Amino acid sequence: MRDLLPVIAVIAFFQLFVIGDPLPDLFGLIAGLACVVVGLTLFVFGLELGLFPIGESMAHALARKGSLFWLIAFGFALGAATTLAEPTLIAVASEAASMAAVEGIIVDSDAARAYYALELRLVVALAVGCAIVLGVLRIIKGWPLHHLVIGGYVIVLAMTTWAPEELVGVAYDMGGVTTSTITVPLVTALGVGLAMSIEDRNAVLDGFGLIAFASLLPMMFVLGFGMLPI
């Protein structure tokens, strides 16, 4: 409730003092706020009890197993699967498909919109899977994070000049929606757990950074998807 107070204060201030109208459906607003408080509380407890521990324990177990193949396979599968389940990605892909139909980029039909949205989700899931593989390799090899991130954004900027204009905004948004409620906890736990399992690796310096790749590569992949002659 304390964390939500700034949101409540902003909404109340603008509604009462800027717009100048009383809050509409006050009972519904209070009921919705109560649901949000309960939901966020359960979500945080769920992360602490389940997602963070299982991500770290699986990273430890795979590192002890000593198989680079299975570690990379797990990272790719985890990134792709969690991304496909992201509610924010589903919402943005659906909206992008609707706008593509309105602008005449695709046929304006339910089947065409559903197929276009699915294509976007699959491209982004593939991108995040590859991003986690890159992050895992970075932790294992000790590659500098800033070199990879700066180089990646240089590539994104170069691709932006060649990609279809109508897909540039969608691609940049896809870099943000992938780092949300499902992907972030498991990917963060994987990175920290892996760094703690490898000798001469620091959990703070090396365990974080996978989320940066999970934001960067989807932009590349969606821009590349728009440049394909299909």
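The values are calculated or read from the model by the stated rules, or taken from the named source; none is laboratory data. In this text the structure is predicted, and so the values were computed from the model without any measurement. When we count neighbours, we look across all protein chains shown, and the Cβ atoms used for this are built from the backbone with ideal geometry, even at glycine. Heavy atoms of the whole protein, side chains included, go into the accessibility calculation; ligands, DNA and RNA do not. Shrake-Rupley method; radii C 1.70, N 1.55, O 1.52, S 1.80 Å.
Using 1/(1 + (r/R0)^6) with R0 = 45 angstrom and r between the beta carbons of Leu26 and Ser57, what's the FRET efficiency to the nearest 0.05? Don't skip to the end; give the middle numbers.
Working: r = 46 Å, r/R0 = 1.02.
Working from the Cβ atoms, E equals 0.45.
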* **Accessible surface, per residue, of the chain when the full set of protein chains is kept, probe 1.4 Å, Å²** => 56
* To do: Could you tell me which of rounded, prolate or oblate describes the stretch 1-131, using a ≥ b ≥ c as the square roots of the eigenvalues of the alpha-carbon gyration tensor, with rounded for a/c under 1.5 and, failing that, prolate when a/b is larger than b/c and oblate otherwise?
  => oblate
* Compute the signed sum of charges (Lys and Arg +1, Asp and Glu -1) over the other residues within less than 10 Å, Cβ to Cβ, of Gly191. => -1
* To do: Could you work out the relative contact order of the chain, using alpha carbon pairs under 8 angstrom and six or more residues apart, expressed as a whole percent?
  => 27
* Structure fact -> Two pseudo-spin positions, 7 Å from Cα along C-beta at Asp108 and at His147, lie apart in nanometres by 5.2
* To do: Let me know the shape class of the stretch 116-230, please: from the alpha-carbon gyration tensor, a ≥ b ≥ c as square roots of the eigenvalues, rounded when a/c is under 1.5, otherwise prolate if a/b is greater than b/c, or oblate.
  => prolate
* To do: Name the residues whose placed amide hydrogens come within less than 5 Å of the amide hydrogen of Trp143, ignoring near sequence neighbours (fewer than 5 apart) on the same chain.
  => none
* Table column - 3J(HN,Hα) (Hz), the stretch 100-113, Karplus curve with 6.51, -1.76, 1.60, x for Gly and Pro -> 5, 5, 4, 7, x, 6, 10, 5, 7, 9, 4, 5, 5, 5
* ³J(HN,Hα), Karplus 6.51/-1.76/1.60, whole Hz, each residue of the stretch 198-206, x for Gly, Pro -> 9, 5, 6, 10, 9, 4, 7, 6, 9
* For the stretch 105-120 versus the stretch 1-50, the gap between their alpha-carbon centres in whole angstrom -> 35
* Filtered chymotrypsin sites (Phe, Trp or Tyr not before Pro), the stretch 122-230: DSSP coil and at most 12 other beta carbons within 10 Å -> Trp162
* Structure fact -> Rounded to a whole %, the carbon-and-sulfur portion of the accessible area of the stretch 1-157 at a 1.4 Å probe is 75
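Go ahead and run the numbers for FRET between Ala34 and Trp162, Cβ-Cβ distance against an R0 of 45 Å, rounding to 0.05.
0.35
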* Compute the projected area of the convex hull of the Cα atoms of the stretch 85-147, averaged over all viewing directions, and report it in nm² to one decimal place. => 5.5
* Taking a temperature of 25 °C and a viscosity of 0.890 mPa s, what whole-number D in µm²/s does Stokes-Einstein yield for the stretch 3-62 with Rh from Kirkwood over alpha carbon pairs? -> 172
* Asked: By the gyration tensor of its Cα atoms, with a ≥ b ≥ c the square roots of the eigenvalues, what is the shape of the stretch 120-159: rounded for a/c under 1.5, prolate for a/b over b/c, or oblate?
  -> oblate
* To do: Output ³J(HN,Hα) for the stretch 73-82: one whole-Hz value per residue in order, computed from phi by the Karplus curve 6.51 cos²θ - 1.76 cosθ + 1.60 with θ = phi - 60°, and x for Gly and Pro.
  => 4, 5, x, 5, 5, 5, x, 5, 5, 5
* Asked: Using Cα-only point scatterers and the Debye equation, what is log10 of I(q)/I(0) for the chain at each q in 0.10, 0.11 Å⁻¹, rounded to two decimals?
  -> -0.59, -0.70
* Structure fact -> Ignoring GluC sites (Glu not before Pro) buried by more than 16 other Cβ within 10 Å or outside DSSP loops, the longest site-free run in the chain is 1-102
